[in-house]
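See structure below.
The values are calculated or read from the model by the stated rules, or taken from the named source; none is laboratory data. As the structure is a prediction and not an experimental result, all values here were calculated from the model. Methodologically, a virtual Cβ is constructed for each residue, glycine included, from the backbone with ideal geometry; neighbour enumeration extends over all protein chains shown. Just so you know, the surface numbers come from the protein's heavy atoms only, side chains and all, with ligands and any DNA or RNA stripped out. Shrake-Rupley method; radii C 1.70, N 1.55, O 1.52, S 1.80 Å.
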Amino acid sequence: GENVEQHPSTLSVQEGDSAVIKCTYSDSASNYFPWYKQELGKGPQLIIDIRSNVGEKKDQRIAVTLNKTAKHFSLHITETQPEDSAVYFCAASIGIGDMRFGAGTRLTVKP
Amino acid sequence: GAVVSQHPSWVICKSGTSVKIECRSLDFQATTMFWYRQFPKQSLMLMATSNEGSKATYEQGVEKDKFLINHASLTLSTLTVTSAHPEDSSFYICSARGELGGNGYTFGSGTRLTVV
């Protein structure tokens, strides 16, 4: 089955700097890659997603890139703010198949 | 957008009692719902997958007699933790996938269960 690895497990940046979180997946058939943000005591919230027919997608300060050949995708957050501090999860699925999650990255943005 | 409502947000119960957690899709029909358990500072651990009108599929190591899942309608799934013990204390989260099988999962807000 699909296996998703996520790095780093923790990331600390200064406010205004960029943050990058990387994930790799094992099943080349995976074609949907969402990113979730989880704040303390809350459920994960979808922040951006990308499908395999697209190499990059951007939404304001957040962008996701996908390299199908290398089977990895990354989340980029620019101009980080303290409210970006949270745990971020990547995931991968094949169509409507079960979604597999990465282990999570705890991002801390220092003011 | 799709909204999943999960209740209660937190619950404290005594050892030996049962607790029911509800997960409702408010503006779409959820053919499939998922239940996760999350320990502090850890990832989401899939417990079971439930499809409306059929028995839930449990992940390996999850006791189906202890964690009862019911998905009686397209908008409601429940997780009942039976004969709860302190080691069942955790954060439980549900998610739902829509009728058209859209790829996205919508998560509930989670339930913090504390068994004393």
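Per-residue answers, yes or no, for (1) assigned to a loop (DSSP other than H, G, I, E, B); (2) open to solvent by less than 20 Å² (accessible area, probe 1.4 Å):
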site: A:57; (1), (2): no, no
site: A:76; (1), (2): no, no
site: A:83; (1), (2): no, no
site: A:88; (1), (2): no, yes
site: A:92; (1), (2): no, yes
site: A:98; (1), (2): yes, no
site: A:103; (1), (2): yes, no
site: A:106; (1), (2): no, no
site: A:109; (1), (2): no, yes
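Restricting segment A:59-69 to residues that are modelled with pLDDT of 95 or more and closer than 21 Å to residue A:103 by Cα leaves a set whose member that is most open to solvent (accessible area, probe 1.4 Å) is A:67. Residues of segment B:60-90 that are among the hydroxyl-bearing types (Ser, Thr, Tyr) and farther than 13 Å from residue B:24 by Cα: B:80, B:82, B:83, B:89, B:90.
For the structure I just gave you, tell me whether residue A:42 is in contact with a strand residue (DSSP E or B) (Cβ under 8 Å, 6 or more places away or on another chain) and either within 14 Å of another protein chain (Cβ to nearest Cβ) or touching a residue at least 60 places away in the same chain (Cβ under 8 Å) (or both). The answer is no for residue A:42.
Of all residues in segment B:7-29, those satisfying the criterion of being open to solvent by less than 50 Å² (accessible area, probe 1.4 Å), within 16 Å of the chain's Cα centre (by Cα), at pLDDT 95 or above and not aliphatic (A, V, I, L, M) are B:8, B:23. Of all residues in segment A:61-110, those being farther than 16 Å from residue A:18 by Cβ, of a type outside the set (A, V, I, L, M, F, W, C) and in contact with a Pro (Cβ under 6 Å, 6 or more places away or on another chain) number 0.
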